[in-house]
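Input: a single structure, listed below in C-alpha cells.
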C-alpha cells in the first residue's frame, strides 16, 4: 500500500496547502516597536560641550566622534570653548544651565570649580557626562581613563627600566588641582611604596604646558645626568620633556613613560622616533563612542537626570615600538573628522 493510501488524500492536500502558505507569511515583516520612540527621543535635542580648550587631539577627537554618532539622529551641538580659562568655563556652564540643553559633556579643569554647577544642572533636568577629568560631583556618567591605573603602569615600566642603573627618576605632573594629575600621582605613589630603592629627584607640575615641561626637564637632567627615567602625565605636555631629553643626548638612556589619547602624530609617531618609550593610550574614538552610547541610553530611557550614576573606565592600550607601526594601535584625527 502506498503512503498516499495510508495517509489519505485529505492529509496530502492539507500538507500541500500548508507549504504553499509559508512563503506568504514569511514575506510579512514585524514592526520593531521601540525604534520610533528611540529616534523621537534624540531628534532635535541639544548636546552642549565644554572642554578645557579646543584645538588639540583629545577635545577635537571627542567632538568629532560625538557628532559622527549623534548628528544622524538629529542631535544638535553647542560648543563653549573656555580656552584654558577656568573662570570662562564656569561662566559657560552657568549660561548653559539657563539655556537647558538636554545633555552637557564636561571636561573639568579641576575637581572643585564646576562641581556645584554640575549638580545644579542635573537638579534642573540636564544630563551631565564628565569626560576624562571628573569633578567632586558624581553626575549621571563619567567616561574616561583610570588615572590611578595609568600612574601605576607608567611607574612600573620606569622602575623596570631603571634596574641596574642609578634608580633616580623624575615625575612630571600636570596641573596640581586637576583630577587627572592628582589621581595619576596616587598611582605613582602606590608603586614607589613597593620600591624603596627608587629615588625621586624631582616631582614638579608643568601645568599641561610643553614649554614648562621642557624647562623643568632641562634643569633636572643638568643636575642629574645619570637620571634613568621620567614618569610624565600627558603626552601633549611631554613633547617638551622628550625634547629636553633629546637635547641632552639622552634619548634611549632616560626612559620616558606617559599617556594620552592615542592620536597617531602625538603617540605612535613619537614612540617610533624614540621620543616616548611607553605611551598609554585611552583611545579617544572609543571614549567618544562610549559617551554617545550613554547619551543615547539616557535620552531614550527617560530616567530623571541625576537619578542614575555610573562610570565607564577606558581600556588602556600600551603604545610601544612593538605595536606603534600597527594601523590598529593609533587613530588619525583627520579620519575621525570625515
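Miscellaneous remarks
- Degrees between helix 210-223 axis and first principal axis of the chain (Cα, 0 to 90, nearest 10): 40 degrees
- Rounded if a/c under 1.5, otherwise prolate or oblate - the stretch 247-338, Cα gyration tensor axes: prolate
- D_trans [Stokes-Einstein, Kirkwood Rh over alpha-carbon pairs] for the stretch 284-328, 25 °C, 0.890 mPa s, µm² s⁻¹: 187 µm²/s
- Cα-based helix-to-principal-axis angle, 9-26 vs the chain, degrees rounded to 10: 40 degrees
- Share of pairwise Cα separations in the stretch 99-141, more than 12 Å, in percent: 50 percent
- Candidates 318, 51, 196: whichever shows maximal mean-square fluctuation once the chain is modelled as a Gaussian network with Cα springs under 10 Å: 196
- Hydrodynamic radius (Kirkwood) for the chain, which is based on Cα pairs only, to one decimal in Å: 22.4 Å
- Dividing the convex hull volume of the alpha carbon atoms of the stretch 147-281 by its residue count gives 86 Å³ per residue.
- Quick note on the stretch 33-98: its Rg to Rh ratio, both from C-alpha atoms and Rh being the Kirkwood radius, is 1.07.
- Evaluating kT/(6 pi eta Rh) at 20 °C and 1.002 mPa s, with the Kirkwood radius of the stretch 142-217 over Cα pairs in the Stokes-Einstein relation, gives 166 µm² s⁻¹.
- Angle in degrees between helix 235-247 and the longest Cα principal axis of the chain, rounded to the nearest 10: 40 degrees
- Scoring 176-188, 113-125, 293-305 by mean Cβ neighbours within 10 Å over their residues and listing the highest first yields 176-188, 113-125, 293-305.
- Placing dummy labels 7 Å off each Cα toward the beta-carbon, the span from residue 84 to residue 124 is 3.0 nm.
- Comparing mean-square fluctuations of 154, 238, 40 from a GNM of the chain with C-alpha springs under 10 Å, the top value falls on 40.
- The slack between residue 190 and residue 297, meaning 0.36 nm per residue of separation minus the straight C-alpha distance, is 34.9 nm.
- Global size of the stretch 75-188 as Cα Rg and Dmax, reported in angstrom: 17.5, 60
- Over the residues of the chain, the helix contribution to mean residue ellipticity at 222 nm works out to -13500 deg cm²/dmol, using -39500 (n - 2.57) for each DSSP H run of at least 4.
- Counting DSSP beta bridges with both ends in the chain, the antiparallel % (nearest 5): 10 percent
- Normalising the average separation of contacting C-alpha pairs (under 8 angstrom, six or more residues apart) by the number of residues puts the relative contact order of the chain at 17 percent.
- The listed peptides 52-59, 77-84, ordered by packing as a protection proxy, come out as 52-59, 77-84 (highest mean of other Cβ atoms within 10 Å first).
- The GNM of the chain, with springs linking C-alpha atoms under 10 angstrom apart, assigns the highest mean-square fluctuation among 218, 163, 287 to 163.
Here, each number is a calculation from the coordinates, and none is a lab measurement. Note that the structure is predicted; figures quoted are calculated from it, not measured. Neighbour counts run over all protein chains shown; Cβ positions are idealised from the backbone, glycine included.
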